[in-house]
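The values are calculated or read from the model by the stated rules, or taken from the named source; none is laboratory data. Bear in mind the structure is a predicted one, so any value in this text is a computation, not a measurement. Cβ atoms come from the backbone with ideal geometry, glycine included; neighbour counts cover every protein chain shown.
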């Protein structure tokens with residue numbers, strides 16, 4: 001293990017339940033200047049920490065209940081999550097494993113097919129390194145292990161058929177604040193058992209089940225996140241947007257599944273505005289400015305909020321935000337809503353085309369034609385097998 005991995009392995013332990021003095025000693029001896037770890041105690045025991053590590057069951061989210069105050073939750077990096085499921089032949093919203101900063105070790109008791117995507121956590125199968133974004137067949141008794149993230153913060157393990165867990169409101173997504181979904185509504189701990197849903201020992205076209213580099217988002221420790229105008233953009237004048245779009249921000253240690261907290265240039269409000277609003281809806285990717293510093297609302301975001309939102313991160317760039325970790329840098333860049341929609345449609349079309357290739361073993365080429373019959377014109381699309 002090189003020095004970089006040693007540093008990262010020290011920055012991500014789960015100190016909860018350990019003595020405060022022991023955790024404090026470990027933190028003081030961390031050899032990282034870019035990532036802070038903060039613990040909170042209850043008497044002599046650590047009860048919470050930031051950043052938060054752990055493994056949960058997630059799926060496409062608990063949709064349709066935000067009007068009742070229930071967050072959607074679900075996978076943070078929706079693209080890596082969807083890709084993992086696609087590689088093993090699942091619906092892209094099927095339940096899978098999400099690991100944050102430090103991955104799990106999983107012993108399998110049945111033959112299965114799996115794929116690992118997202119952050120590079122040095123995945124191994126029976127102590128042999130395996131590649132990201134590729135499907136593998138594993139025999140009963142095999143061990144899949146993920147370590148500390150070498151880059152990014154969230155890795156995904158999808159199994160053909162899906163991962164079991166508590167179903168609440170039509171979803172297995174773990175939402176720890178309400179203790180619902182997944183493994184009793186909490187993070188996995190040593191000794192937990194999770195059932196696989198209809199596991200499959202093999203899949204057809206295994207040789208095709210690896211994602212080309214062009215399908216992988218441009219993950220970076222210093223990305224530029226594109227944003228569209230938010231519902232309170234009129235609460236900010238030119239000075240506010242110049243600050244927001246002209247500065248580089250640093251991800252803080254307080255970042256979690258609820259929000260990505262940033263530190264950097266203060267964003268002033270327009271004259272006569274103070275940033276407080278009558279609470280309205282919050283979306284995944286909404287950028288709030290509660291006290292001059294931006295917060296990107298993430299998968300476990302509250303359903304409503306009372307702070308002005310000048311912009312929203314586009315859906316195609318949310319995976320980049322989901323992989324940010326404390327100490328990373330980022331910028332915002334404005335684009336128009338129609339451009340954001342076109343980018344998202346293109347990304348999903350590319351993923352759909354990839355799914356067709358790996359499921360059917362050949363490539364479709366769509367050819368548009370214009371035909372006339374009895375004086376009437378018709379637009380026709382022919383699917384050609386290449």
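Quick test for you: out of 173, 201, 270, pick the one residue that is in the same structural domain as residue 306 (by TED's automatic domain parsing) and either in a loop (DSSP other than H, G, I, E, B) or crowded, with 20+ Cβ neighbours inside 10 Å (or both). None of the other options fit; the residue is 270. The condition of being closer than 22 Å to residue 326 by Cβ and either over 19 Å from the mean Cα position of the chain (by Cα) or outside any helix (DSSP H, G or I) (or both) holds for only one of 122, 89, 60, 74, that being 122. Residues to consider are 143, 194; find the one that is surrounded by fewer than 24 Cβ atoms within 10 Å (Cβ to Cβ) and closer than 18 Å to residue 57 by Cβ. Selected residue: 194, the only one of 143, 194 that is surrounded by fewer than 24 Cβ atoms within 10 Å (Cβ to Cβ) and closer than 18 Å to residue 57 by Cβ.
Residue-by-condition table, conditions (1) outside any helix (DSSP H, G or I); (2) under 20 Å from the mean Cα position of the chain (by Cα); (3) within 16 Å of residue 224 (Cβ to Cβ):
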| position | (1), (2), (3) |
| --- | --- |
| 274 | yes, no, no |
| 280 | yes, no, no |
| 284 | yes, yes, no |
| 291 | yes, no, no |
| 312 | yes, yes, yes |
| 325 | yes, yes, no |
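For the stretch 234-245, the criterion of being more than 22 Å from the chain's Cα centre (by Cα), surrounded by 15 or more Cβ atoms within 10 Å (Cβ to Cβ), in contact (Cβ under 8 Å) with a residue 12 or more places away in the chain and not in a helix (DSSP H, G or I) is met by at least one residue. Summed over the stretch 138-154, the residues that are in contact (Cβ under 8 Å) with a residue 60 or more places away in the chain and out of contact with any helix residue (DSSP H, G or I) (no Cβ under 8 Å at 6 or more places or on another chain) give a count of 2.
If you check 111, 77, 91 for being free of Cβ contacts under 8 Å to residues at least 12 places away in the same chain and not assigned by TED's automatic domain parsing to the domain that holds residue 316, only one passes: 91. Residue 261 meets each of the listed conditions (1) loosely packed, with under 13 Cβ neighbours inside 10 Å; (2) within 16 Å of residue 323 (Cβ to Cβ) apart from (1).
Would it be correct to say that residue 299 is under 17 Å from the mean Cα position of the chain (by Cα) and farther than 18 Å from residue 244 by Cβ? Taking the combined requirement at face value, the residue satisfies it. Scanning the stretch 146-161 for residues that are surrounded by fewer than 20 Cβ atoms within 10 Å (Cβ to Cβ), part of a loop (DSSP other than H, G, I, E, B) and within 17 Å of the chain's Cα centre (by Cα) gives a single hit, 150.
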